[in-house]
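Notes to accompany the following structure.
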Amino acid sequence: MVVATPIGNLGDLSSRAVAALRGADVIVCEDTRRTRALLSHAGVTGKRLVALPAPREASGVAQLVAWLGEGKTVALVSDAGTPAVSDPGARLVSAATCEGYRVEAVPGPSALLAALVVSGLATDRFCFEGFLPRKGAERRARLTSVAAEERTTVLYEAPPRVAATLADLAGACGAGRAVVVARELTKRHEEVWRGSLGEAAALAAAAEPRGEHVIVLAGGPSTEPVDDDRLDTALRQHMSAGMSARDAARVVAEKLAVGRRRAYEAALRLR
Ligand code: SAM
């Protein structure tokens, strides 16, 4: 069972997640102290916890398959959110399925989906980049592909690297690209900031961002011809992300390569 756990608000632990944890013979986690605290909040006691942090995940595969072979029920959790998404778990799931065992999901909190759905950016098609490579050619190549991506892109980032990542994204995508920075989701100090990459990078450079962050980036220019529906959708996205009609028209005109006058008139109609 792949069991999602809260990303900051314990109220998000589902009753099905509690039942899965209570029913498990073994709970595989990243950090036993963290998971023990969650279990104690849920009133689940006497469980066998085995820590398998990311660097050791591969070495746990044989043990997992052995447990499953003995008929044990194994629950997999991570420190927060959905396991196997920028967290350990994918290898274990792959090994279990290759051996023919059934793997069930107990869905729940996920920072990427929480940020996406409050972003106000397009959700009909999106892609998830996780953490960008930290440096060098790999990072530059990924930034180039993110800049060319037409779908909304969701990225994770650690607090001390948020400023550098926003600055690099502004360099790669242009300072005018709309972005939403979602911070401390589900927690007391939750904040969802909307604006352009240039503004976001400047704010982050001025004061080091604190807490957990998800960056949700509007898609880049498309190569398809731009009909009125597409123009209106892009304008709505930018205006609902907090931009004025004039700014949205400027950004969208550039993004979709349409005339500024056409974009501005459409933005005024939508306002
Ligand atoms: N598997 C987890 C999930 O899907 O929710 C994510 C684990 S990943 C190691 C941790 C990253 O998720 C953080 O660096 C941050 O980008 C994001 N994150 C986790 N909790 C968050 C929260 N409460 N608010 C905003 N971002 C969060």
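The values are calculated or read from the model by the stated rules, or taken from the named source; none is laboratory data. Quick caveat, the model's predicted, so the values are computed rather than measured. Cβ placement follows ideal geometry from the backbone for every residue including glycine, while neighbour counts extend to all protein chains displayed. Each accessible area value is taken on the protein alone, full model and side chains, heavy atoms only, with ligands, DNA and RNA left out. Shrake-Rupley method; radii C 1.70, N 1.55, O 1.52, S 1.80 Å.
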Any idea how many residues of segment 192-218 are under 15 Å from the mean Cα position of the chain (by Cα) and either of a type in the set (D, E, K, R) or open to solvent by less than 20 Å² (accessible area, probe 1.4 Å) (or both)?
7
Quick check on THR153: is it modelled with pLDDT of 95 or more, of a type outside the set (A, V, I, L, M, F, W, C) and within 13 Å of the ligand (Cβ to nearest atom)?
no
Out of segment 122-162, which residues are outside any strand (DSSP E or B) and in contact with a Phe, Trp or Tyr (Cβ under 6 Å, 6 or more places away or on another chain)?
ARG151
When every residue in segment 124-141 that is open to solvent by 40 Å² or more (accessible area, probe 1.4 Å) and away from the ligand (no atom under 16 Å from the Cβ) is compared, the one farthest from LEU185 (Cα to Cα) is ALA137
Residue list for segment 88-108, filter: within 15 Å of the ligand (Cβ to nearest atom), in a loop (DSSP other than H, G, I, E, B) and over 19 Å from ALA54 (Cβ atoms):
PRO107, GLY108
Say whether the condition of being more than 16 Å from LEU113 (Cβ to Cβ), out of contact with any Leu (no Cβ under 9 Å at 6 or more places or on another chain) and part of a helix (DSSP H, G or I) is met by at least one residue in segment 204-218.
yes
Check segment 143-158 and report whether any residue there is surrounded by fewer than 18 Cβ atoms within 10 Å (Cβ to Cβ) and more than 18 Å from the chain's Cα centre (by Cα).
yes
How do the pairs read when you match residues in segment 77-102 that are farther than 23 Å from THR186 by Cα and open to solvent by less than 50 Å² (accessible area, probe 1.4 Å) with residues anywhere that are more than 16 Å from the ligand (Cβ to nearest atom) and not aliphatic (A, V, I, L, M), using Cβ under 8 Å and keeping only pairs 6 or more apart or on different chains?
LEU92/GLY60
Within segment 32-39, identify whether any single residue is over 26 Å from the mean Cα position of the chain (by Cα) and over 21 Å from GLU184 (Cα atoms), and answer yes or no.
no
Identify, please: which residue in segment 165-191 is over 20 Å from PHE128 (Cβ atoms) and open to solvent by 30 Å² or more (accessible area, probe 1.4 Å) and is, among those, farthest from the ligand (Cβ to nearest atom)?
ALA175
Could you list, in sequence order, all residues of segment 33-59 that are within 16 Å of LEU10 (Cα to Cα), free of Cβ contacts under 8 Å to residues at least 40 places away in the same chain and surrounded by 13 or more Cβ atoms within 10 Å (Cβ to Cβ)?
ARG36, LEU38, LEU39, ALA42, VAL44
